[in-house]
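> One structure coming up, written as structure tokens, with questions to follow.
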Amino acid sequence: GMDVTEQKRAEAQIREMAMFPTLNPDGALQVDETGQVRKINPAAARMGFSVGAHFTGTIPDLGKLGLHACIAAGTTERVYGTQLGERFLAWTVRGAPELGLAFLYSKDITLRKQAMQELIRATELQNRFFDTIDVNIAYMDRNFNFIRVNNAYAKADGRLPEFFVGKNHFVLYPNAENEDIFRRVVETGIAFSVYEKPFEYPEHPERGVTYWDWS
């Protein structure tokens, strides 16, 4: 037989050079089985990683195996999540047994997290506005089933907002003319507004005819 150990190691090194994502916008690290960082790309450097440093990030479910076991697994690829300070990372660990190295790919999603938090804050503000504004507002689907109404809308009919959810507007308030207007708006996408339009509450005949500006 022929000892092909050095040949396999050379082939592995060529593969490693080809696969290391130097220009990838996500951070990439090459780590040996002791946890020492052997190579990084520019994105990883910008994230604070450096060659020669010890990789201290936690990788859930891998702790009991360690980097050595991950490397020995060879072709195993797994995805993990961890948090490093204020930086959120998504890790893919790919074993390389010939080289005794693991490849760690990190994705800094701090901006996405910040955007999500901003969206949550904006939604909370919108909800507070929706619930406190004194203009009657209702959200409906294309078939005019209520999705949500605000407090003012519900109060005008002497009900709680939860009463309306899932119910059909024109079952509660039959009106052929209004239904035709609603359908035209859905079909054409053209908004409609009217002033002082007469309306009668079916369950409140004592109110008589009321007049509304609505869109």
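Only the coordinates and a few stated rules stand behind these numbers; no lab work does. On a predicted model such as this, the values are computed, not experimentally measured, just so you know.
> Can you list the aspartates and glutamates whose alpha carbon is less than 13 Å from that of K113, not counting same-chain residues fewer than 8 positions off?
Qualifying aspartates and glutamates at Cα under 13 Å: E86.
> Treating cross-link reach as a plain straight distance, find the lysines whose alpha-carbon is under 27 Å from the alpha-carbon of K8, omitting any fewer than eight places away in the same chain.
The qualifying lysines are K39.
> Quick check on region 115-215: take the gyration tensor over C-alpha atoms, sort the square-rooted eigenvalues as a ≥ b ≥ c, and tell me if it's rounded (a/c under 1.5), prolate or oblate. Spell out each step's value before the answer.
Numbers: a/c = 1.92, a/b = 1.44, b/c = 1.34.
Prolate, since a/c reaches 1.5 and a/b exceeds b/c.
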